[in-house]
Amino acid sequence: MDCLHEEEKWTRDEINKAQLVRLQNTVEQALKAPYYAKKLKEAKINASTIKSLDDLKKIPFTTKDDLRAGYPDAFLATPRSEIVRLHASSGTTGTPTVICHTQDDINSWADLMARCMYMVGIRREDSFQNMAGYGLFTGGLGIHYGAERLGCMTIPAGAGNTRRQLKFIQDFKVKAVHILPSYALHIGEKLKEDGFDPRELPAKIALIGAEPHTEEARQRIEHLLGLRAFNSYGLSEMNGPGVAFECIAQNGLHVWEDAYIVEIIDPKTLEPVKDGEIGELVFTTLCRKGMPILRYRTRDLSRFINGSCVCGREHRRIDRILGRSDDMLIIKGCNFYPMQVEQVLLSFPQVGQNYVLELIKEGSIDQLQVKVEINPAFFEEEKKEDMRVLHQLQRNIAERLKDELLFTPKVDLVEANSLPKSEGKAIRVVDKRKD
Ligand code: ADP
Ligand code: ZN
């Protein structure tokens, strides 16, 4: 196996052994933080409680609310003077949570990120452009330090200013980029509109993540931009990117189990789900000093992918994220996730690169209105010829959505680039019921 770190070659046995020692150290470290000192004492847990990995189950879960309640420093396990960096979650849902890192924490995070990049073919001689926002968002500096650690010439382009982004990619022969999937689709579309074939760009590898996206979106990005796109998963509470990452096989994301313990639980019973079933991801940090976190409930839904991976790594794989448990929508008594809609929409070649789901009221009944952009080529051609073709497309989309969601949403076809595009994570659901 061609990899950056020995840990990637660990067998299951080696992973388990290291996890046990690191978990014991983590519990010991966590006890230095006021929050865990109290919480673990109440649960009668100390480092010697952990005699096997199974004893992890004795430790109570940590939730986002716990982190918020512990703001600003109840989770600090080192003196403030040891902290060199602070990050916060993007605040997709509610008040942001803050995570503090020591220099060792930052170094091991950079190592993990460098490992991910090497795994998908990026090398020190390559130029790398980070097209995600910087600031508190971990997709900026987190990815940046990883690329520098690997030795790449790293361009901190940030989000937006598409024209300058493209100039740098061309002039510095950028081989790999980090980009949010919704932004990648947007850029591809824009370039085509300007009469430029994005596949001619030198970038051949994209790290895509930070927001849910379907396999259909990945394939579009690959086709549109002429590169290979790898799914990057992480969350600020667990550092940020570099928690789980797709390998060359593009069949599930390896969780770096030398740095995290992953569990998947049923969010209702809080018991582990059966192997291969969808549930909520729960992570425990194994290498963090500044703010160790035990059994963090992410609310992200995924499942384990069993069997060995062709790349040879034994670090467990998880499936792409379906969404957050609190993303679930209920319309006309049917439960669904926005990604189920995306999967249907993007399977239509006539459908463009952006869409939004609006929750509306029809009388007293909740309804879903899907606004979806249509490829400019198709729109123009058909508009001239016959509106009936567009109506037919609209009906076909509504029908396929009905098969998936079990109710018929309203479908609105709109022109390319007419829907709002945010610079950060895409806003896929807008609740208009209270307007
Ligand atoms: P926030 O929770 O405010 O969005 P973060 O910036 O920490 O803050 O984002 C982490 C979250 O982003 C994850 O919990 C997950 O919901 C989402 N996310 C990150 N990477 C991916 C990915 N590759 N696929 C799907 N969702 C992702
Ligand atoms: Zn693999």
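The values are calculated or read from the model by the stated rules, or taken from the named source; none is laboratory data. Just so we're clear, the structure is a prediction, and the values are computed from it rather than from any experiment. Cβ sites come from the backbone with ideal geometry, for glycine too, and all protein chains shown count toward neighbours. Areas reflect the complete protein model, heavy atoms only, side chains present, ligands, DNA and RNA absent. Shrake-Rupley method; radii C 1.70, N 1.55, O 1.52, S 1.80 Å.
Site pair LYS173 and ARG124 shows an inter-label distance of 1.8 nm when each label is modelled 7 Å from Cα along Cα→Cβ.
Please give the net charge around ASP126, taking every other residue with its beta carbon less than 12 angstrom from that of ASP126, where Lys and Arg add +1 and Asp and Glu add -1. With Lys, Arg at +1 and Asp, Glu at -1, the neighbours total +4. Please work out whether the range 130-214 counts as rounded, prolate or oblate from its C-alpha gyration tensor, where a ≥ b ≥ c are the square roots of the eigenvalues and a/c under 1.5 means rounded, while otherwise a/b larger than b/c means prolate and anything else oblate? Cα axes put the range 130-214 in the oblate bin.
For the range 329-431, lysine pairs with C-alpha atoms less than 20 angstrom apart, excluding pairs fewer than eight positions apart on the same chain, total 13.
Calculate the dipole size of the range 329-431 relative to its Cα centre from +1 charges on Lys and Arg beta carbons and -1 charges on Asp and Glu beta carbons; express the result in debye to the nearest 20. Dipole of the range 329-431, to the nearest 20 debye: 220 debye. Surface composition of the range 195-249: carbon and sulfur make up 55 percent of the accessible area, probe 1.4 Å. In this calculation the C-beta distance from LYS51 to VAL310 is compared with R0 = 35 Å, giving a FRET efficiency of 0.50.
Applying the Karplus relation 6.51 cos²θ - 1.76 cosθ + 1.60 with θ = phi - 60° to the range 10-22 yields 3J(HN,Hα) values of 4, 7, 4, 4, 5, 4, 4, 4, 5, 4, 5, 4, 5 Hz, where x marks Gly and Pro.
Taking the Cα centre of the chain as origin and assigning +1 to Lys and Arg Cβ atoms and -1 to Asp and Glu Cβ atoms, the resulting dipole is close to 880 debye. Applying 0.36 nm per residue to the separation of LYS421 and ARG164 and subtracting their alpha-carbon distance, the gain on full extension is 90.7 nm. The local environment of HIS315, defined by Cβ-Cβ distances under 9 Å, has a net charge of -2 under the rule Lys, Arg +1 and Asp, Glu -1. One quarter of the convex hull surface built on the alpha carbon atoms of the range 329-431 amounts to 6.7 nm², the projected area averaged over directions. Surface listing: ILE155, ILE293 arranged by accessible area from highest to lowest gives ILE155, ILE293, probe 1.4 Å.
Springs between Cα atoms under 10 Å define the GNM used for the chain, and in it the highest mean-square fluctuation of GLY312, GLY139, GLY333 occurs at GLY333. With the charge dipole of the chain set up from +1 on Lys and Arg Cβ and -1 on Asp and Glu Cβ about the Cα centre, the Cα lying farthest toward the positive end among the listed residues GLY276, ILE248, CYS100 is that of CYS100.
Computed 3J(HN,Hα) for the range 388-396, one whole-Hz value per residue from the Karplus formula 6.51 cos²θ - 1.76 cosθ + 1.60 where θ = phi - 60°, is 4, 5, 5, 4, 5, 4, 4, 5, 4, glycine and proline marked x. In terms of the mean number of neighbouring beta-carbon atoms within 10 Å, the peptides 227-240, 41-54 order highest first as 227-240, 41-54. In the full protein context, the chain carries 44 Å² of accessible surface per residue, based on a 1.4 Å probe and ignoring ligands, DNA and RNA. Of TYR355, TYR337, the order by accessible heavy-atom surface (1.4 Å probe, DNA, RNA and ligands excluded), from most exposed downward, is TYR337, TYR355. Annotation: aspartates and glutamates with alpha-carbon distance below 15 angstrom to LYS51 (same-chain offsets under eight excluded): GLU28.
Cross-link reach is defined here as a Cα-Cα straight distance under 23 Å, omitting same-chain residues fewer than 8 places apart; for LYS44 the lysines meeting it are LYS32, LYS57, LYS58, LYS64, LYS289.
In the chain, taking the dipole from charged Cβ atoms about the Cα centre, the farthest positive-side position among PHE168, LEU53, VAL262 is held by LEU53. An ellipsoid equivalent to the chain, defined through the eigenvalues of its Cα gyration tensor, has semi-axes of 38, 27, 19 Å when rounded to whole angstrom and sorted largest first.
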